[in-house]
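Worksheet: the structure to be examined is printed underneath.
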Amino acid sequence: MPGRVLGMNLRIDILTLFPEVIRAYIGTSILKRAQEKGKVFLKVHHLRSFTLDRYRTVDDYPFGGGPGMVLKPEPILRAVRFVQSYTGSNPLVIVTSPQGKLLTQEKARELSQKKHLLIVCGRYQGIDERVMALTNAEEISIGDYVLSGGELPALVIVEAVVRLLPGVLGDEESLELDSFSDGLLGPPQFTRPRVFQGMAVPEVLLSGNHVLIERWRKERALQKTKESRPDLWEKWQRQNQENGEKDVLSIAKKKKK
Ligand code: 9D3
């Protein structure tokens with residue numbers, strides 16, 4: 001690596017009842033590399049260690065009745081204050097919750113601009129609402145399906161954010177960041193062998209003609225987006241309507257810059 005002073009970009013604290021789940025993932029993958037390169041500092045805290053009673057209680061019954069348990073506010077607030085005081089900083093508090101706003105690439109980009117995040121992983125039926133009020137928390141969901149808690153969502157958020165930090169990805173992958181931002185799904189990909197179970201790789205990909213290859217990829221990306229993600233397709237069409245939707249190839253060329 002050429003001599004470049006590596007500033008610490010981002011600190012992320014994660015508060016959870018399952019620290020080993022979080023550690024298992026952040027100790028591998030791209031997140032491990034990013035930490036080694038000093039691009040991000042990740043620290044996991046066990047919620048239970050912020051309890052004071054002899055049973056180390058983190059949850060209690062919901063007022064008003066209903067199924068399940070709710071995370072008590074005291075240990076979480078104690079943990080947030082602890083992180084604030086020993087880092088001397090004021091992190092943006094994120095609470096993973098099915099009631100949150102959906103995580104998008106835009107939100108990930110926004111979070112990647114921050115200096116310090118503290119992610120609280122929800123469990124059971126959720127977290128006492130006063131925690132969100134007192135910490136000014138932003139609630140984030142990763143999608144409309146039911147999980148058992150916020151640990152996987154926290155990892156999803158961390159990965160989406162950290163890979164956007166400068167210097168985390170290689171040049172190749174970084175280039176790809178720009179192309180997601182054009183809002184289309186990716187084209188089909190192939191590797192060796194050229195024929196597999198009687199199915200040949202499309203000739204154009206073997207042609208060496210990069211203009212033709214890019215045109216083919218754009219066409220297939222548009223086609224795939226239309227089929228799989230009509231929502232993205234509508235949006236892309238709206239954003240490109242000045243080109244008059246029909247001539248897909250001229251749009252493809254124009255967008256390549
Ligand atoms: C009956 C109401 N349910 C909420 C829609 C109950 C409920 C379901 C799942 C309460 C908590 C959970 C646990 N899920 C999470 O904590 C969670 C989550 C998710 O389930 N899906 C997508 N994103 C997230 S972020 C946190």
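One table, with the values for the structure above:
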{"item": "Checklist (1) within 19 Å of residue 43 (Cα to Cα); (2) within 16 Å of the ligand (Cβ to nearest atom); (3) small (Gly, Ala, Ser); (4) over 25 Å from the mean Cα position of the chain (by Cα) applied to residue 68, failing item", "result": "(1)"}
{"item": "Pairs where the first residue, in the range 139-159, is farther than 18 Å from residue 111 by Cα and the second is more than 6 Å from the ligand (Cβ to nearest atom) and of a type in the set (D, E, K, R), C-beta under 6 Å, 6+ apart", "result": "149/123"}
{"item": "Index of the failed condition, residue 165 passing every other in (1) touching a strand residue (DSSP E or B) at 6+ places or on another chain (Cβ under 8 Å); (2) assigned to a helix (DSSP H, G or I)", "result": "(2)"}
{"item": "Candidates 117, 134 - the one that is away from the ligand (no atom under 11 Å from the Cβ) and farther than 24 Å from residue 24 by Cα", "result": "134"}
{"item": "Pairs with Cβ under 8 Å, 6+ apart, first in the range 110-130 and touching a residue at least 60 places away in the same chain (Cβ under 8 Å) and aromatic (Phe, Trp, Tyr), second more than 10 Å from the ligand (Cβ to nearest atom) and in a loop (DSSP other than H, G, I, E, B)", "result": "124/69"}
{"item": "Candidates 135, 104, 96, filtered to the one that is surrounded by fewer than 19 Cβ atoms within 10 Å (Cβ to Cβ), among the hydroxyl-bearing types (Ser, Thr, Tyr) and out of contact with any Asp or Glu (no Cβ under 7 Å at 6 or more places or on another chain)", "result": "104"}
{"item": "Neighbours by Cβ (under 7 Å, 6+ apart or cross-chain): first from the range 50-72, without any contact (Cβ under 8 Å) to a residue 24 or more places away in the chain; second surrounded by 11 or more Cβ atoms within 10 Å (Cβ to Cβ)", "result": "56/48; 57/51; 57/72; 60/69; 60/70; 60/72; 61/69"}
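Every read-out reported here was derived from the displayed coordinates using simple, explicitly stated rules and does not represent laboratory data. Being a predicted model, the structure only gives us computed values, none of them experimental. Please note: Cβ atoms are built from the backbone with ideal geometry, for glycine as well, and neighbour counts cover all protein chains shown.
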